[in-house]
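Student: Got a structure here, written out as structure tokens. Questions coming.
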Amino acid sequence: SLHDALPISIENIRIIGVIIGKERRAMAKIANGKTLLPEVFYIKEGMKLGSSGAEVKAILPGGIVLVEKIRNVYDQDEYLETVIPISNE
């Protein structure tokens, strides 16, 4: 079962596949060191990931795009975009 937020570090997410269609989904596994845990998670657009609550902005054929809202040094909101490509491991 998947909650609205996966409490995992973004660095440990490996995208193993993407389903493009009416409801786009990405299939992900969690890396534990060099090993990938066997359980597959399904990620949807709009879902929050990681301790920072980065939002899944888009699921594309090549991977997923995360957007994270951070406060910059000027105390303004800034949006940080991270692309996690499909893992080729």
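Student: Return the loop-located trypsin sites (Lys or Arg not before Pro) in the range 1-71 (DSSP other than H, G, I, E, B) with at most 15 other Cβ atoms within 10 Å of their own Cβ; answer none if there are none.
Tutor: Values: sites: R14, K22, R24, R25, K29, K34, K44, K48, K57, K69, R71; in loops: K22, R24, K34.
Here the sparse-neighbourhood loop sites are K22, K34.
Student: Next up: What is the count of Lys pairs in the chain whose alpha carbons sit under 22 Å apart, if the two are 8 or more places apart or on different chains?
Tutor: Close lysine pairs found across the chain: 11.
Student: To continue, here is another question. Go through (1) 1.10; (2) 1.00; (3) 1.18 and flag the label whose value is the computed Cα Rg over 2.2 N^0.38 Å for this structure.
Tutor: The calculated read-out lines up with (1).
Student: How much accessible area per residue does the chain have, counting only protein heavy atoms and a probe of 1.4 Å, in square angstrom? Intermediate results must be reported in sequence, preceding the final value.
Tutor: Details: 5910 Å² over 89 residues.
Value returned for the chain: 66 Å² of accessible area per residue.
Student: Taking the simple approach of a point 7 Å from Cα along Cα-to-Cβ for both N72 and N88, what is their distance in nm?
Tutor: For the pair N72/N88, the computed spacing is 3.4 nm.
The values are calculated or read from the model by the stated rules, or taken from the named source; none is laboratory data. If you're wondering where the values come from, they're calculated on a predicted model, not measured in any experiment. Ideal geometry is used to build each Cβ from the backbone, glycine not excepted, and the neighbour counts take in all protein chains shown. Side chains included, ligands, DNA and RNA excluded: accessible areas come from the protein's heavy atoms. Shrake-Rupley method; radii C 1.70, N 1.55, O 1.52, S 1.80 Å.
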